[in-house]
Amino acid sequence: MAKRKQGYYDRDQIKFQFDHSYFHNPQLHESVLLYQIGDVSCAAGFATGPHHQFCYEICYVVSGKGSFSTNGQTYAVQERDIYLNVPNEVHNGEADPTDPFRFFYIGFNFDDQAREGYSLAHIRELFDHVQHPVAVDRFDIEAPFVRLLDELHNLNEYSAIMINMYLHQIIVLAYRNFVEQQRHTLKSTSYVQMDAQKKTAYEVLQFIDGNLLHISELSKVAEELHYSYPYLSQIFKKEVGMTIKEYFDRKRFEQAIEWLKRGEMTITLIADRLRYQSIHTFSKAFRNKFGISPSEYQAFLRSRKK
């Protein structure tokens, strides 16, 4: 983990370690400055000792158990858990004495000078405001970690391109996992246990989920719940980690993907059912989101079946 892999603990505390550090020469990958990437398998008794975090860090527990702490608050972790640290925190980690963990780690910063189109400002904002730094992996973040480490083991003429791709995949998948965790936590919390703002955000989630095919304007959500839209947007983003529009679009795309996979409806009908103004508007939004049009996605599905 960032700037403490070498020299912060005894070598007999680890079974093996692969570490690439770039602290003196951070590697720029579009909008991300890479400081460190590695894989460590810990022995019983492993402990990092408290240290100051100067960059963002994502850890993924491959196996075993242990704990990480942030500013004195300790969190138990186990296989498939993701742990997030942000700059200026005091960080620590300890392996379980009977089933010590193995984990991947990556230390990085966001490049404030990244040109338009490469900015990850929205992801950075969510990372900066994550209240619970542990999330269970739902999107297979292990895969790009493995591929990135393998690429570093076997450098090739196109390795820079592959490293850049896997690095961004890790960061985006971590973001998705923490967004999903916030949504899941909000939905699983007993309504009577929620404070007023969480209840408001939960009501928005429930309304969108239950009326997805009947919402033509998001202002209607605020009208139905008797709030002003700016107030509702502010509360929702704070509690869920994304805007109401982002959540609404996400749910519509999920439904669109499901219908496209079934192949029972035309693209025109899907656009109409999801309340897009036209098939052109739907196709443009779909391409902006996924990089291909709905018809190209259907063609891809058909070719895969063949």
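The values are calculated or read from the model by the stated rules, or taken from the named source; none is laboratory data. If you're wondering where the values come from, they're calculated on a predicted model, not measured in any experiment. Neighbour counts are summed over all protein chains in view; Cβ atoms, including those assigned to glycine, are modelled from backbone coordinates with ideal geometry. What goes into the accessible areas is simple: the full protein's heavy atoms, side chains included, and nothing from ligands, DNA or RNA. Shrake-Rupley method; radii C 1.70, N 1.55, O 1.52, S 1.80 Å.
Quick notes
- Database remark: amide H of F54 closer than 5 angstrom to the amide H of N88 (H placed geometrically; neighbours at sequence offset of 5 or more, or on other chains; Pro and chain starts carry no H).
- Distance (nanometres) between label positions extended 7 Å along Cα→Cβ at R287 and Y227: 3.6 nm
- Accessible surface of the stretch 167-292, 1.4 Å probe, proportion on carbon and sulfur as whole %: 49 percent
- Area accessible to solvent at Y75, 1.4 Å probe radius, in Å²: 40 Å²
- Under 5 Å, built H, 5+ apart or other chain: amide partners of G66: V77, D96
- Theoretical gain in end-to-end length, M265 to E180 [0.36 nm per residue, Cα-Cα removed]: 27.7 nm
- Note: the chain, Cα convex hull, 174 Å³ per residue.
- Linear extension gain, E125 paired with M165, 0.36 nm per residue minus alpha-carbon span: 12.3 nm
- Within the full protein context, the accessible area of H168 is estimated at about 30 Å² for a probe radius of 1.4 Å.
- Ratio of Rg to Rh for the stretch 198-306: 1.04 [Cα atoms; Kirkwood radius as inverse mean 1/r over pairs].
- Computed over the stretch 131-187, the quotient of the alpha carbon radius of gyration and 2.2 N^0.38 Å is 1.36.
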